[in-house]
1. Based on the Cβ-Cβ distance from LEU263 to SER72, what FRET efficiency comes out when R0 is 30 Å, to the nearest 0.05?
2. Hey, how many Å between the Cα centroid of segment 60-75 and the Cα centroid of segment 219-267?
3. Hey, what does the equivalent ellipsoid look like for segment 83-238, semi-axes from the Cα gyration tensor as sqrt of 5 times each eigenvalue, largest first, whole Å?
4. Report the local net charge at PRO55: Lys and Arg +1, Asp and Glu -1, summed over other residues whose C-beta lies under 13 Å from its C-beta.
5. Quick one: Kirkwood hydrodynamic radius for the chain, alpha-carbon pairs, angstrom, one decimal?
6. Modelled label-to-label distance, LEU233 and PHE160, 7 Å Cα→beta-carbon offset: nm?
7. Could you check how many percent of all C-alpha pairs in segment 116-208 are farther apart than 18 Å?
8. What does the extension gain come out to for LEU240 and GLU209, with contour length at 0.36 nm per residue minus their alpha carbon separation?
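Computed from the coordinates by the stated procedures, all read-outs in this text should not be read as laboratory data. Please read all numbers here as calculations on a predicted model, not as lab measurements. Don't worry about glycine lacking a Cβ; one is built from the backbone with ideal geometry, like all the others, and counts go over all protein chains shown.
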Amino acid sequence: MTAVPLETVPPIAPQAQTVGLRRDTCPHPLIEEVYASRRVPLPGGASAPMNVYIPREQGDYLYSLVRHYRPSRTIEVGLANGLSTVCIAAGLEANGSGTHTAIDPFQECDWGNAGLELVHRAGLSHRLRHIADYSHRALADLERDGYSCTFAFVDGAHLFDYVIADFLCIDRVLDAGGLIVFDDSDWPAVRQAIRYILANRAYEVAHPEVVIESRPPTPTMSARLIRRLGRALPRFGSKLRPDFLRPDEELALHGRCIALRKLDHDHRNSQSRCHEPF
Ligand SMILES: C[S@@+](CC[C@H](N)C(=O)[O-])C[C@H]1O[C@@H](n2cnc3c(N)ncnc32)[C@H](O)[C@@H]1O
C-alpha cells in the first residue's frame, strides 16, 4: 500500500501572541448571579439547581483566553448549563466580534434548554450557534462545510475514545497556532488523551502557568527510586509505564483545565505502525 501523508495543508504561522496572558474576570452580571445562587434559569421562568458546571475560576480563564487571542470563530463540545458558553461568548462580545458554535445533542432532553436560556438571558444569543448533534458527527459536517476556528473547548463525553475523537475532529478544523482547551483534564481518561496528543502530535501546553484546582503529586521514596533506575537503565525503563517514567508534572500537566496550542498540521505517515508511548 502506498504511504500517503495525512495532511497536505501547509502550516500556518502562529499569529497569536503567546506570552503574557492577562487574567480577566468574566464581567457578565448573570455569571456572578448564577454562581452565587447556584441555580440556572430555565425557559418559562422556572429554575434548576446548578449541579453541572465549570468552576468560576475556569470560566474566567476561558474568558481571558478569548479576550487575549481574539478568535473570530470558537467552538465548544458540551453545552449543558451554559456556564462555559456564556464565558466564551462574553469574551467575543467584549472583543466586538466573533461567533461561538456549541455542540450538544442532549441540550433539550437532558438539560431542559438551560444552556440556551442562560445565553439568551445574558443577551449573547447573537454570538451563538447551537448544533444539536453528537460531536463526532457535527464536527465532521463542519469540516465538510469548510469551517475553521482558532479556539476550541472540549467538555463533552469524557471517555478516552470520545475525547480522542473530539480532538481528532477539532484538529482537522483548528488553524495552526490555535488553542484546544480540555475540561476535567485531571480525570485519568482525559489526562491520558492529552498525553497521547503531546507525545504524537505537534502540540504544546499553552499557559502552563495557569493552574486550575491543582493537587500536587506526592510520589513515594520507592517510586522516585524506581523512576530514577528506569531512566538510567533503558531496558528496565522500557518495562515501566510511560506515565510513570515521565509523570504529568514534567509535562506541565497540572489541574483540571489544560490548554494545548497547535504548532503545526499533521504530517505523519498514515501507515505508521506504532505511536509514541504516552
Ligand atoms: C460536563 S457537561 C458540560 C458543562 C458545560 N461546559 C458548562 O460549563 O456548563 C458535558 C456535556 O457534554 C454533553 N455531551 C455528552 N456526550 C456528548 C457528545 N457525544 N457530543 C456532544 N456533547 C456531548 C452532555 O450533554 C453535557 O451537556
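1. The value I calculate is 0.90.
2. One Cα centre to the other: 30 Å.
3. 35, 18, 16
4. After counting each charged neighbour, the total is -4.
5. 19.8 Å
6. So the two model labels end up 2.8 nm from each other.
7. 50 percent
8. My answer for the length gained is 8.3 nm.
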